[in-house]
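*Asks:* Sharing a structure, written as structure tokens. Questions coming.
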Amino acid sequence: MHRRRFIAALAGTPLVAWASPARADDQSRLKAVTQHEARGTTFWLWLDSSPFPAESGGYRDDTVIVYVPAHFRYDEEDDGGVAALVHFHGHNTTAERAMKAHELREQLADSRQNAVLIVPQLALMAADSACGKLEAAGGFARLVREAITTAAREGHSMLGNARYPIHARPSTVCVSAHSGGYHAAACALKNGGLDIRETYLFDSLYAEADVFGDWVKARKGAPLHRRHKLVSFYTEGATTDANSSALRADLDKSGIVTASELQEGEMSRHDMSHAQAVFVRTSLYHSNVAWETNALRDCLYASALPRHISSRWFRHKDDARLIERRPSDKK
């Protein structure tokens, strides 16, 4: 794995303004780098259960990024655990680049959901959807559990037991994927070893539609906070468009409550929250689907994740959701 040295003294700085922390060389015992800012705390971890390296060979970068928003508070009532969103990046990028480019931390913070973000490194800078250890039974569960407990241990001195206790474990878990990250998401749903509650695909339904469909159907008719919910954003005319249309038809035939939006901003907040499968056509560029109009934030607003801070997003719930573009220079 490519490794770069970082300045150790910066790791303990309360507000860190340095770029791209990375693991030290192979002789180092370093297991984590921490970046603490007003909006939250980000951990760069190197874990035994990271997707790579794997016996299948290939990639060796074992980075897993965990972000704990400043508003996050451990909640004993939430199944005695930590709610988490696990994001799988697409091709030709890194976990860190995807986290920054798609503004994953910012969107989670804006949603005010009481959850942490986990972004594992998949295939490094490659057009490859391989996900290493996540393809093995229980691989996803091992990754999430180790990420949550390691971040708790590494952040104990600054977060404390009240915010994030060392004995923390997963509770409500959702996954999201952009582009080629669909395969890692499908593996997590199929044999990951955790009860994933919701899945958000951002121009990502390129294949394995049967896996996503079967997962939704497995909780048909379940109460709002026990069902499996799927949201698929797709670009017009792409493979993801055809696959999303076919999957929606199949789910409709099976009696699943679905909702569809052919132009962003038409769907009500109620429908986005209550449908078990949501399909949104977007005119955005493929690389912008997850972030430019706050797609991930709105998925989180409408999710079953726990919250302890109120939000105005739910006011006028029968009105169409407001499309808000993120202030960014990436357009």
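All of the numbers you see were taken from the coordinates with simple rules; none came from a lab. All values derive from a computational prediction rather than experimental measurement. Quick reminder, even Gly has a Cβ in these numbers, built from the backbone with ideal geometry, and neighbours come from all protein chains shown.
*Asks:* Output wanted: per-residue J couplings in Hz (rounded whole) for the range 124-133, from phi through Karplus 6.51 cos²θ - 1.76 cosθ + 1.60, θ = phi - 60°, x for Gly and Pro.
*Replies:* Values per residue, Gly and Pro as x: 7, 6, 9, 7, 8, 9, 4, 9, x, 5 Hz.
*Asks:* Once phi is turned into θ = phi - 60°, what whole-Hz ³J(HN,Hα) does the Karplus curve with 6.51, -1.76 and 1.60 give for every residue of the range 167-177, x standing for Gly and Pro?
*Replies:* Per-residue couplings from phi come out as 7, 4, 9, x, 10, 6, 10, 10, 10, 9, 8 Hz.
*Asks:* Moving on. Using DSSP, restrict attention to beta bridges with both residues in the chain and report what percent are antiparallel, rounded to the nearest 5. Could the numbers behind the result be given before it?
*Replies:* Details: 20 of 50 bridges.
Counting only bridges with both partners in the chain, antiparallel ones make up about 40 percent.
*Asks:* Just need the relative contact order of the range 24-179 here, percent rounded to a whole number, with Cα pairs under 8 Å and 6+ apart.
*Replies:* Once normalised by length, the contact order is 30 percent.
*Asks:* Counting each DSSP H run of 4 or more residues in the chain as -39500 (n - 2.57), what helix-only mean residue ellipticity at 222 nm follows after dividing by all residues, to the nearest 500 deg cm²/dmol? Let's see the in-between values first.
*Replies:* Numbers: 9 runs with 86 residues, N = 331.
Calculated at 222 nm, the ellipticity per residue is -7500 deg cm²/dmol.
*Asks:* Now for a different question. How far apart, in nanometres, would the label points at LEU262 and MET125 be if each is projected 7 angstrom from Cα along the Cα-to-Cβ direction?
*Replies:* The answer from the label model is 4.4 nm.
*Asks:* Expressed as a whole number of Å, what is the distance separating the alpha-carbon centroids of the range 43-90 and the range 167-230?
*Replies:* If we compute the Cα centre of each part, the gap is 16 Å.
*Asks:* For the residue pair ARG60 and ASP48, what label-to-label distance in nm results when each label sits 7 Å from Cα along the Cα-to-beta-carbon direction?
*Replies:* My value for the distance between the label points is 2.0 nm.
*Asks:* Applying a 10 Å radius around every beta-carbon, put 292-303, 208-219, 87-98 in order of their mean neighbour count, most first. Write out the running numbers ahead of the final one.
*Replies:* Working: 292-303: 24.5, 208-219: 17.4, 87-98: 21.8.
Result, highest mean Cβ count within 10 Å first: 292-303, 87-98, 208-219.
*Asks:* Name the long-range amide H neighbours of LEU47: under 5 Å, sequence gap of 5 or more, or other chain; modelled H, no Pro or chain starts.
*Replies:* Excluding prolines and chain starts, which carry no amide H, the hits are VAL64.
*Asks:* Before anything else, pin down the relative contact order of the chain: Cα pairs under 8 Å, at least 6 apart, normalised by residue count, whole percent. Can you show the working numbers first?
*Replies:* Details: 716 pairs, mean separation 49.4, N = 331.
Contact order relative to length: 15 percent.
*Asks:* Treat each spin label as a single point 7 Å out from the Cα along the C-beta direction, and report the ALA218 to GLU236 distance in nm.
*Replies:* 3.6
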